[in-house]
Each structure stands twice: as structure tokens, then as C-alpha cells.
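Only one structure is covered here, and it is reproduced in the block below.
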Amino acid sequence: MTEIAQQTDKKVIVFQLMDKEYAIGVDVVQSIEKLLSVTRVPKMPSYIKGVINLKGVVTPIVDLRERFGMVVDDYTDSTRILIISLVEYDVGLIVDAANDVLDIPVESIEAQPEVVGSVKSDFISGVAKVERRLLLLLNLHKVLEPVNRVRTDEF
Amino acid sequence: MDTNQYMDMFIEESKEHLQACNEHLLELEKNPDDLGIVNEVFRSAHTLKGMSATMGFDDIASLTHMMENVLDAIRNAKIRVTSEILDVVFRAVDYLEEMVVDIESGGTGKKDVSELVKSLNAIEAGRSAILTAVSETASTVVDEVIKNNQTTLHYDDFETTVISQSFEQGYYAYEITIQLREDCLLKAARVFMVFEILEKTGEIIKSQPHVEQLENENFDEQFSIALLTKEDRDTLQAKIMKVSEIESVTINPISDHGFIDNKQTTNDVAVNTPTTAGKKEIEPDIEKRSGISHPSTKTIRVNIERLDVLMNLFEELIIDRGRLQSISSELHNPALTETVESITRVSGDLQGIILNMRMIPVETVFNRFPKMVRQLARDLDKKVDLDIVGAKTELDRTVIDEIGDPLVHLIRNALDHGIESPAERLAAGKPEEGTITLRAYHSGNHVFIELEDDGAGVNRKKVIAKAISNGILTPETAETLTNRQVAELILATGFSTAEKISDVSGRGVGLDVVKSTIESLGGFITIKSKEGQGSLFQVQLPLTLSIISVMLVELKDEVYAIPLSSIIETAIIKTSDIMNAHNQKVIDLRGSIVPLVNLKAIFEMETQGEPTDDLQSVVIVRKGDKLAGLVVDSFIGQQEIVLKSLGDYLNNVFAISGATILGDGQVALIVDCNSLIK
């Protein structure tokens, strides 16, 4: 990419799933919430946990562990909801913990190696090595894609 | 008077009135003989004058005043409308717009209006020759004229005009000098009483000092007033002397010729002072316009965005209220409980008010239709009855504002193309009088507005032929279209099936505009039509915000809301009364067979291992004329809720039309009964 040359640092939120650390750009993260009471929505894929009331706005919640097909575990005190605000919609992601805000040098972001853990590779847009940590950068559009456009506007 | 707080309103309304002026003037240009339009412009100008004078923008006031004079002359058929005259009036409106814009950006709204005032004056005096010269020749000539007249052509020029005009109409002008007693305690009150008396007898055009100074007791014992009245001097004197604590009253008539001299010698009436806030001007025809009042201050305009913010903040408050309620129920502290109950009541009222601020019944739009239909039916020689259902359905303001025009088009279309002439109707075995039904209702996440007529319906052959000849359709594809798709062709751009183009509809723009307006609101329009039997135009509009009444029900530990609009009744039935009919559980509800829908099964809840009760709670819902019984665990109660969308991410949830936030901050899903009944 050409714009990398001008842009030296990318600010990301680092969060944890199982034993791995993932990163999302801060620009799409609207807030980080503690676990709120979730209302189940019927007939949804299991990773869509339901909706929450986020300050008066009904916001859908996706459990990232389930989305990635990881072992499902009970939520703990450190469980967080990352509220992602995209142009088309807002959605919350349940993660094990939100640890950090980091500046990662853009040069350190590399294409994803062939095999990284158990996560389907489409979900990862790149890998950054910061000091000794390995951060997986999420490809949000892929992560949130499937439920998204099954329209039933039949005429 | 501190006028700053009214500034926004002033600017807003001024713009509206100027816009109205512009529109009406354009109309007037097309129909120079329509004096009704002149009245409209006059009214706008008049309101603008009143407002600007109150706000202390004298240049606007004086310019609008001159405009009014011209319009008045047109209205009284003293002047004929010509495009030259309108040019000047248009220019005046342009000037006014510039001044308002200036005020809006923090300026003083001052502008040299003398040139225009002169032009307007000239028109009014009927010197259209000069007018033509003024408007057509180069502005250098005009400049010279102004230079010559600058000293007298100041602001007070129009007051002089006003006074001399009033003489023509049989008014007297007086200068009244009132001397209060030195020991007068309530000077402002006395001033007020004097003003009140004088305002009953006529029109106060000036005071010295100004009204605001008088109100603030910012004067010595003496003040002067210029008054236009039909009363004579002695009566006035006697009336004023009735006010206590007045030392003396001196009344001097202002004569036509001596007007200017008088004011210069006495110095009591400060006609030269440019700031005149609080001053009232005389109207050339008081009687005629006494019914028109200055804009009422009882309503304020609020930006809808502010209401959105208010709404969201309020919802957060409701969530905290819910928490408080649960805390107080745990603590059992009487004082806390009482306070929380009080908060609950107050916030309940508040909620109602906030929601209602955004919602207005659709009847504000529907109200004008009966008259329109009657008129149109008469024009078209048809007999039509308009039936309005659900006029109380509330709609978000933004939608209400937009929906009027599309509906007008649809109604016109129904009258013109839908309903046949009485003779044709009789021949087709229909009643002579056609019926158009306009219906509004909430359904799930949408508001539906339907227009149904029992007219001719869409003629498939004609529509297809027309579409093909218009190039909208190819003959090959035409064959494959369903009747519904054919009907919807009439919404396409440039389509008009009327054999003769009428001025009611049939310009081929109407329905196209309808479609695009509705789509811009995020809605849909569908047409169902049966040839020979009529058409149904259904407009579906999304609700950005809407209050609906729901029945809250419990399914295991989850709460769902069922819209009351779908509910016929609730019932408790015995399990033994449930019958099986072809793999479908049904009940006998007073003779009719109603299928049962187990909501828990629909919503994929674990139902196994649960003991079946002897009694079951059932909500009977309907879609059209079909019924269904929804089996739930228990009823919680009825509640008004705010309808919320589930968001774009989940846009296709089966049997769920939306969500709402309950008093405790929990999200409850709203059951879409329409999708549960096939």
C-alpha cells in the first residue's frame, strides 16, 4: 500500500481471546463496555448473542469466541464488549478482555502467515509484532459479514 | 425588553415569511388579477413589519412598510400589477433577505433602503413613469436622486407618510405631553395606564422617551406621546386625567402642514430618533387589519435534533430510574420508596410529553383532503365519497411534513383515473357514488397509509401498451410480468395512461414524484389492483421513532411485546380444550376455529421437561380477517413503549419487528404478528 509511507503509527485497541491478542483500529471503536444484560434474539446464528441497550440504542452483540469457533467459556469479570461503530451499523463484540491501547508502527504490520492459530484466516487482515507481542489485526468486515445481507424484499 | 432570546425565532420566521412573499409574488406575476395572492403577500409583509419593529430593525420595518403601502394600493385596485412594479417589490424582498441574513450573521441589519423606499413611494403615488425610469435606467441616476433627498429621506420619512395618510382617513394626530406628579411612586405603572387608555382610543406612533425607557422608569416626570385617533382633544384629556398621580396633560394637534415644524420646535416628539423598539406604527387602515395580530409567542420552534438528544438522555434517565426502583425495593426504606415513586410518576409524565412533542396525528395532513376531494369530484363530474380511517394514528413529525404531497397526488390519481364516471359505474353494476378509503395504521415497525378505491383498477392491456410505446417496456418482457408488476409500472417516470390529459392529474409526473418522495423517506409503495374492482395503493413508511401500546408477555424468563393493534383479546384456555386438526393445534373461540402458535417453539426455547399446566394463556391476534392464538407463559401487562429498530446488522429477524427498552433498561423484542399468520 502506498499510504503506509506517510502514516507511521496506527493506534489500536488490543483485546484478548483465549491466549491470543487481537487488535482493532481505535477509529472504529466507539466505546468499551462491561458486560451488560443481553436480550436473546431468536433464530439467529449462535454467535449472535442478542441485543443490548446501549444508552438507549439497541445494539446487536456478537460473541467473537463463537464467531471464531473457539471453545465457549463463561463470561468473567474481565469480559468486555467492544462497541464497534461502522458506517452501516453499530455492533458490539464480546471479548475476554480489553487490555491496551497501542501505537503500532505501520511497518511492523505484515501479511498473515499461512497458519495462525485456529482462527479462519479470512478474519485476520494482518499481523503486527510489537516488542515481543504478536497482535492479530481483525478484518472487521469479514468478521461481521455473513448475517448481514440476507434481504427478503420479494416482490 | 431584551430581544436576544427571540432572535432565532425572528430570523427563522422572517425567512419563512420572505419565502412566502417570494412564492406568492411569483404567482401574482402569473395571475396579476388574483387579489387573494396580494393579500397573502400583504399578510407576510405585515407580520414581518411587526416583528422587525419589535426587534428594533427599523430599516426592515420601514422597507416592509413601504412594500405594504404598494401592496395595499394594488389590493384596493389603485395600481395595476405590472412586471415593473413587481420588479421593485421583488427587489425589496431581496433587500429584506439580505438584511435578515446580515442579522443572522451578527450584523445590525442596517442597509440603505432609501432608494427602494423612494421607488416604492413612487409606485404608490402612481407615478409609474418615474418608476419605470428608476427600475430601467442606470443606477447612477438613482444615486443622484438619493443624494438630493438624503436629509429628508431618512427613517422618519415613512412616519410622515403615515401621519398624512391618517389625515386622509379622518384621524387626528396629537402630541400629548404628560407631566407626572413629583411624588409619583409608580411611574412605570402610570405610564402603562396612560398607554392603555390611549391604545384603546387610537394608535400610538411615538413616544419620548422610548417605551423601554418608560418601562424602566428611566425618565423624569414628563413624557410625550404622538397619537393618531378619532377622539377629540377634550375627551382624551379627560380620559388621561383619570389616571392618578398625573400633574398635567398638554395636548397639541399635529397639523398636516405644520407637522415638521411642530416637531422641530417642540422637541417633545423625537421623530428623528432612529431606534424605535417597542414603538407601534399606525396602519393606514386600522379597522381592516385590526384582526391580524403579531405572531403569538405561545409556541416555540424546536429543532427536531434537539428533541432526539432529549429523547436519548431521557431514556438513560429511565434506565437509572429502573435501577433506583430495584434498589429501593431491596432496601425497604419508606422515604426512599416514596421518593422513587414520585420520580417514577414525574418521569412517566415527562416521557409522555417528550414522545408527544415529536408525534403528531396524521389528521393534520388528512384534514385538507375532504375539501379537496369534493372540489375535484365536482370538477370531474364524478360522485365520490372519501372515507378516512385512523386519522389519529400518530406519525413522526418529519414524516408528516413530507407525506402530504405524495398523498395529494395519489388521491388525485384515484379520482381521475380510478373512479369512473357515474354512467360507467352504473353500467358496470356499481353504485353511482365511488368510494375512496384513506387508511392509516401502525403495523410492526412501520406505518401504513393506504388509499383504496373501488374504481376501474389498472387496465393491464392499456398499461402495457402505454409502457411499450413509452419505451419503458419491451413487448417480450411484458408477457412475463405479473399483474402487480404491471400495476407498479404506473409509478414509472413519464407514464400517463389517461386518454386525455387533464389538469387534475395525468401529467405523468405525479406518481413518479410520489414514488421518489416515499423512497426518500425510506418507505415503499405497492399497488394491488383488480381490473374492474379497484386499486389499493399501500404506502409503507418506516418509523424512526414511534410510540405504540403493547402487551408485555413472558416466555420463560424472557419478555416479549405484542402490539395492541394486532391483539383482539387475551384468553385463558384449558389445555383439554385444545384440539388437533391436521398437525395443527387449534381452539374453538366462540364458534370459530383459531390456530394456536406456540411462541416458545417459534422462538426456539427449550420446552421439554416442563410440566404442562391445566390452563394456558393465549393472546388472540389478527392479520386482516385471519386470527391466531399465541400461547405464552403469562401476561405482564399493557404498556406504552418506544419502538426501536434492531439496527441494520440484524435486519432480517423472523417474527420480530423491532425492540424496545423497558423501564428497567432491558431490551424486549416486539413480536411481528403479521409474519406469524400466513
Give all pairs with beta carbons closer than 6 Å in which a residue from the range B:33-58 that is farther than 14 Å from residue B:17 by Cα meets a residue that is aliphatic (A, V, I, L, M) and surrounded by fewer than 20 Cβ atoms within 10 Å (Cβ to Cβ); count only pairs at least 6 apart in sequence or on separate chains. B:56/B:277
Regarding residue A:92, is this residue under 17 Å from the mean Cα position of the chain (by Cα) and assigned to a strand (DSSP E or B)? yes
Of all residues being surrounded by fewer than 18 Cβ atoms within 10 Å (Cβ to Cβ) and within 12 Å of chain A (Cβ to nearest Cβ) in the range B:653-678, which is modelled with the lowest pLDDT? Just the residue, please. B:663
Residues satisfying the stated conditions in the range B:46-96, i.e. under 23 Å from residue B:30 (Cβ atoms) and charged (D, E, K, R): B:68, B:72, B:75, B:78, B:80, B:84, B:87, B:91, B:94
Reported set for the range B:183-210 where residues are aliphatic (A, V, I, L, M), out of contact with any helix residue (DSSP H, G or I) (no Cβ under 6 Å at 6 or more places or on another chain) and surrounded by fewer than 21 Cβ atoms within 10 Å (Cβ to Cβ) is B:185, B:186, B:189, B:193
Across the range A:20-37, what is the total count of residues that are out of contact with any Ser or Thr (no Cβ under 7 Å at 6 or more places or on another chain) and within 21 Å of residue A:77 (Cα to Cα)? 11
Can you name every residue in the range B:113-126 that is touching a residue at least 40 places away in the same chain (Cβ under 8 Å) and surrounded by fewer than 18 Cβ atoms within 10 Å (Cβ to Cβ)? B:126
Count of the range A:14-43 residues which are touching a Leu at 6+ places or on another chain (Cβ under 8 Å), more than 30 Å from residue B:320 (Cα to Cα) and not small (Gly, Ala, Ser): 6
Listing of strands (runs of 3 or more DSSP E) fully contained in the range B:157-236 that carry 2 or more residues being over 44 Å from the mean Cα position of the chain (by Cα), assigned by TED's automatic domain parsing to the domain that holds residue B:120 and farther than 22 Å from residue B:64 by Cβ: none
Looking at the range B:430-478, which of its residues are at pLDDT 80 or above and either touching a Gly at 6+ places or on another chain (Cβ under 7 Å) or not assigned by TED's automatic domain parsing to the domain that holds residue B:410 (or both)? B:434, B:439, B:440, B:441, B:452, B:453, B:454, B:455, B:456, B:457
Take residues that are within 14 Å of chain A (Cβ to nearest Cβ) and under 22 Å from residue B:524 (Cα atoms) and tell me which of the helices (runs of 4 or more DSSP H) falling wholly in the range B:430-490 contain 3 or more. B:483-489
Has the range B:36-57 got any residue that is under 26 Å from residue B:211 (Cβ atoms), touching a Cys at 6+ places or on another chain (Cβ under 6 Å) and assigned to a helix (DSSP H, G or I)? yes
For the range B:483-506, indicate whether the set of residues that are modelled with pLDDT of 75 or more and more than 37 Å from the chain's Cα centre (by Cα) is non-empty. yes
Quick one: residue B:416 ticks every box in (1) modelled with pLDDT of 85 or more; (2) under 33 Å from the mean Cα position of the chain (by Cα); (3) in a helix (DSSP H, G or I); (4) not polar (S, T, N, Q) bar one, so which box is it? (1)
Which of the residues that make up the range A:41-54 are at the interface with chain B (Cβ under 9 Å from one of its Cβ atoms), outside any strand (DSSP E or B) and crowded, with 16+ Cβ neighbours inside 10 Å? A:41, A:42, A:44
Search result, residues across the range B:1-26 that are crowded, with 16+ Cβ neighbours inside 10 Å and more than 13 Å from residue B:96 (Cβ to Cβ): B:6, B:9, B:24
For the range A:92-110, how many residues are within 14 Å of chain B (Cβ to nearest Cβ) and out of contact with any helix residue (DSSP H, G or I) (no Cβ under 9 Å at 6 or more places or on another chain)? 1
Test result for residue B:121, at pLDDT 80 or above, farther than 19 Å from residue B:14 by Cβ, in the same structural domain as residue B:15 (by TED's automatic domain parsing) and part of a helix (DSSP H, G or I): no
Here's a check for you: in the range A:56-74, which residue that is touching a strand residue (DSSP E or B) at 6+ places or on another chain (Cβ under 9 Å), surrounded by fewer than 20 Cβ atoms within 10 Å (Cβ to Cβ) and farther than 12 Å from residue A:93 by Cβ is farthest from the other protein chains (Cβ to nearest Cβ)? A:70
From the list B:650, B:545, exactly one residue is at pLDDT below 80, under 30 Å from residue A:86 (Cα atoms) and within 14 Å of chain A (Cβ to nearest Cβ). Which is it? B:545
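The values are calculated or read from the model by the stated rules, or taken from the named source; none is laboratory data. Bear in mind the structure is a predicted one, so any value in this text is a computation, not a measurement. In this analysis, Cβ positions are derived from the backbone assuming ideal geometry, glycine residues included, and neighbour counts consider all displayed protein chains.
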